[in-house]
Every structure is written in structure tokens, then in C-alpha cells.
Amino acid sequence: MAIVSLQKGKQQPDAEATGQRVTAEEIWILQLDSHTLPIEVVLLINNLSSNNSYNFPVVGNGHSSYSSLISVGFSPKQKDSSYTYYEISVSFDNDRGTVDSSVAPQDEQPSYAFDFVDNVLVIERDTETDEVIANTAGTPIIVTENVPFLRCTIVRNESDYDHKKAKEYIGTINSTGARILGKQFDKETCKLDRWSGVTAYDNEGELYWRITYEILIKDDGFARELIMKGYLAKTDNGDLKPAASSKGWSAGQELKLNEQGKFYALSDQSDPTKFTTKTFNTLRKTSWPSRLGLGSSPASSIDVTTLGLT
């Protein structure tokens, strides 16, 4: 048996409202190539994907005219004696309980939450004057501040928890761009901070997993720019030596270094405009957005059939 055609009927019943609950029905016409029993029709329709070529609204899909209505089931009705022609009645509902009970857990759409979390960062320079933060004697002071990061928490149902992939990707930043709910984020600005799973069971007793992903987002990236300073500096022959007290420096004093790894002159050590910085990448880069269905291409946008997350 195979489908010859499956298309929506020309005349469709109107939606009905009872209080805040809205229901609707669509009539579809199914033609088959051979004798097919009603139970076989049910199995055939159930095997259609959510993005099937007929645009048939399988359970969990939305209504073509009323976006708040979700398909919750269908019923076939035989229309000829040869069992090749059926009328398919599709039911839609906006009642959350009815919708949730009709959709298999793995077909549910993922949930998203955005908030801000504090992360401790070391601050070395005044944000207004750009001067090195130091005490009255000129010694730098280490200051820490709680800087808010945007956090996106995604929860979705999956068939398994891949602990090996979780270990590989947790704590890494995106090597490619990422899209989350249509929002585009540049590469190296998103850190996968959590990938956890909890077991659950559907109404049929089948095991599935509630997977939680937490992503920290920092628009200027996660590379660390540090002021170069130290207790030792390079000499002309490449050795490392501390500052000589004969030049006015205190023994064991931490001082600013230039690009050649040598101490700045004593007069420049207190000059806030004289400093050298170097940027370090402290986090590994991986392609975890693609693994989670968060690729930067619009083509990888929301697709609940593949558990996509865009």
C-alpha cells in the first residue's frame, strides 16, 4: 500500500470557541494505490513526519489558519468499497492539557529561558580614567567584580543522554556562529556551561531524558586580555633577572613589562598610559552548536523533528 494523494478538502468546518478554549477540525482526502484497512491507514499516517511533503498536520503540528491550535489526533473514515479512498478528520485544540497529553514527550518543543548570572572577573584598570588600580604607594591592587553574563537555559526531551559528548563539550566555547530562537551570536561568544540529564517515562512506560543545556553568552568573547607585569624581566642576553635595587626599585617588586619582556623605566611604572597587554585564549573551541542543532545557518532553524533548537 502507498499514498497516491493526500490533500485538504475544499470545504472546511469553522473553529469553535467555548470560553477560552478553541477547537477546530480539518477534513483531508486520502487516496491509496491498493486495498487498505482502517488500522493500516492509521499506521500509515502515524509514520508521516512533521514536515511531510503533503503538509498533513500530524499530531503536534499547528493549524494552517489558527497558529494557537495544535493537532491532537485524527480519525479515518472509509469512503468506498475498495478501501482505497478515505476521509481523514483532523482535530485541533488550544487546551494545554489536551495538547500535552496528545504529544509524545520527544515531540514536545524545547523550552527556553534567558536571565543574567554574575561571574567574578579581575579588574585591573579604572573604567573611566583607564588608570591602573593601585594604592597610594603605587602598588597595583587586585579588584574582583561580579559581572553579569547573559545565560540561556534550554530544556528538551531526548531519547538518550550522551555523557561522552557532554564531557567533550562542557566548558568549551563555540568555534562557529550560533542561532538561538532566531538570535544570532558570533563565534567564540557562547560557552556551554551545563549539559545534564534526568530520566522520565511517558504514558506508555517508555524511558526518555529531560536534557538541560546552559549557555553563557558574552558579546565581547571569552579571550582574556592581561596587563604584562612580573617579578622577573629579560636581560639583553635572554636571562631572567629581578629588578635591580640600584635603579631605584624595591627588591622583589612586581613591575610592568614591555613587549620585549623588559621592565618599563622607573618613571614609566607609575604612568597609567604606559602598559603592554597580551590576549590569551583560556577555553577550548568546539563545534557544539552544530551538535545541539544551534548552527548559525538559518536552514538549521527550529525543527522539532530533529530536536533542533534555533
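No value in this document is a laboratory result; all are computed from the given coordinates. Note that this is a predicted model, so its numbers are computed, not measured. No Cβ is skipped: glycine too gets one built from the backbone with ideal geometry, and neighbour counts run over all protein chains shown.
Less than 5 angstrom separates the built amide H of ASP162 from none of the residues sequence-distant by 5 or more or on a different chain.
If you take the alpha carbon radius of gyration of region 3-103 and divide it by 2.2 N^0.38 Å, what ratio comes out, to two decimals?
Numbers: Rg = 13.8 Å, N = 101, 2.2 N^0.38 = 12.7 Å.
Normalised Rg, Cα atoms only: 1.08.
3J(HN,Hα) couplings calculated from phi for region 59-71 with the Karplus curve 6.51 cos²θ - 1.76 cosθ + 1.60 (θ = phi - 60°) are, in sequence order, 3, x, 7, x, 6, 5, 10, 10, 5, 7, 8, 10, 5 Hz; Gly and Pro show x.
Extending 7 Å from Cα along the Cβ direction at ASP186 and again at LEU266 yields two label points whose distance is 4.3 nm.
Modelled label positions at LYS79 and SER53, each set 7 Å beyond Cα in the direction of Cβ, lie 2.1 nm from each other.
Once you list every other residue whose beta carbon is under 13 Å from the beta carbon of ASN258, what net charge do they have if Lys and Arg are +1 and Asp and Glu are -1? List each step's numbers first, then the result.
Details: positive: LYS229, LYS234, LYS256, LYS262, LYS274, LYS278; negative: GLU259, ASP268, ASP271.
Summing Lys/Arg as +1 and Asp/Glu as -1 gives +3.
The aspartates and glutamates within cross-link reach of LYS274, meaning a Cα-to-Cα straight distance under 20 Å and a gap of 8 or more places when in the same chain, are GLU124, ASP126, GLU128, ASP130, GLU131, GLU225, GLU254, GLU259. The mean sequence distance of close C-alpha pairs (under 8 Å, at least 6 residues apart), as a share of the length of region 3-103, puts its relative contact order at 30 percent.
Amide H to amide H distances under 5 Å link VAL22 with ASN94, ASP95, where only residues 5 or more positions off or on other chains count and H is placed in the peptide plane.
Packing, as the average of other Cβ atoms within 10 Å across residues, places the peptides 69-81, 186-198 in the order 186-198, 69-81, highest first.
For ASN119, the residues whose modelled amide H falls within less than 5 Å of its own, excluding neighbours fewer than 5 places apart on the same chain, are VAL147, PHE149. The mean sequence distance of close C-alpha pairs (under 8 Å, at least 6 residues apart), as a share of the length of region 171-238, puts its relative contact order at 26 percent. Pairs LYS234/LYS256; LYS241/LYS278; LYS256/LYS278: which exceed 19 Å Cα-Cα? Over 19 Å apart, Cα to Cα: LYS241/LYS278.
Listed by chain and number, the lysines whose alpha-carbon sits under 30 Å from that of LYS165, ignoring those within fewer than 8 places in the same chain, are LYS183, LYS187, LYS191, LYS218, LYS285. Evaluating 6.51 cos²θ - 1.76 cosθ + 1.60 at θ = phi - 60° for every residue in region 188-199, the Karplus couplings come out as 6, 10, 10, 10, 7, 9, 8, 8, 10, x, 10, 6 Hz, glycine and proline recorded as x.
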